[in-house]
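Peer 1: Here it is, the structure, as structure tokens.
Rule-based calculations on the coordinates, nothing more; no lab input. Computed from a predicted structure; not experimentally measured. Backbone-built Cβ (ideal geometry, glycine too); neighbour counts: all protein chains shown.
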Amino acid sequence: MSEQQSTSNGVFKFYVDHDRPNCIGCGACVAVAPEFWEIKAPDGKSDVIGSERQEENGEIVRETLNIAETNYAKNKEAADSCPVNVIHLHNKETGEKII
Ligand code: SF4
């Protein structure tokens, strides 16, 4: 996973998981957390900036990004804002799927 968006102590307690194929490109995540989310791709779907991208048949099927605790709140806000629930957050230490 990408090490961008890290804090100086380098501890990545959480990761963001974007189910990109089901994104409807509404832009809510970009509106609340533009430092992590963008819509620049021609298909109009959002992307997690600096994420690791998994592709199948030329399509991005999943994006993941490790994040530190300090970046949790912003991404939780993005996840809460998503109308189709395609943004997920996981706690790497406990394995818990938070949303
Ligand atoms: S809020 Fe959800 S559906 Fe809207 S652009 Fe972001 S990931 Fe896609």
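Peer 1: Taking the Cα centre as origin and putting +1 on Lys and Arg beta-carbons and -1 on Asp and Glu beta-carbons, what dipole magnitude results for the chain, to the nearest 20 debye?
Peer 2: Magnitude of the dipole: close to 160 debye.
Peer 1: Also, I was wondering about something else. If I fit a long axis through the Cα atoms of helix 72-81 and take the longest principal axis of the Cα atoms of the chain, what angle between them do I get, 0 to 90°, rounded to 10?
Peer 2: It works out to around 30 degrees.
Peer 1: Listing Glu63, Glu69 from the residue with the fewest other Cβ atoms within 10 Å to the one with the most, what is the order?
Peer 2: Ordered by Cβ neighbours within 10 Å, fewest first: Glu69, Glu63.
Peer 1: Which whole-Hz ³J(HN,Hα) couplings does the stretch 26-37 yield from phi under the Karplus relation 6.51 cos²θ - 1.76 cosθ + 1.60, θ = phi - 60°, glycine and proline marked x?
Peer 2: These are the phi-based 3J(HN,Hα) values: 6, x, 4, 5, 5, 5, 8, 9, x, 7, 10, 10 Hz.
Peer 1: Still on this model: Relative contact order of the chain: what whole-number percent is it, with Cα pairs under 8 angstrom and at least 6 residues apart?
Peer 2: This gives 39 percent for the chain.
Peer 1: Also, I was wondering about something else. Net charge around Thr94, counting only other residues with Cβ within less than 14 Å of its Cβ (Lys, Arg = +1; Asp, Glu = -1)?
Peer 2: Computed value for this residue: 0.
Peer 1: Using mean Cβ contacts within 10 Å as the protection proxy, how do 11-20, 38-47, 53-62 order, highest first?
Peer 2: So the order, starting with the most tightly packed, is 11-20, 38-47, 53-62.
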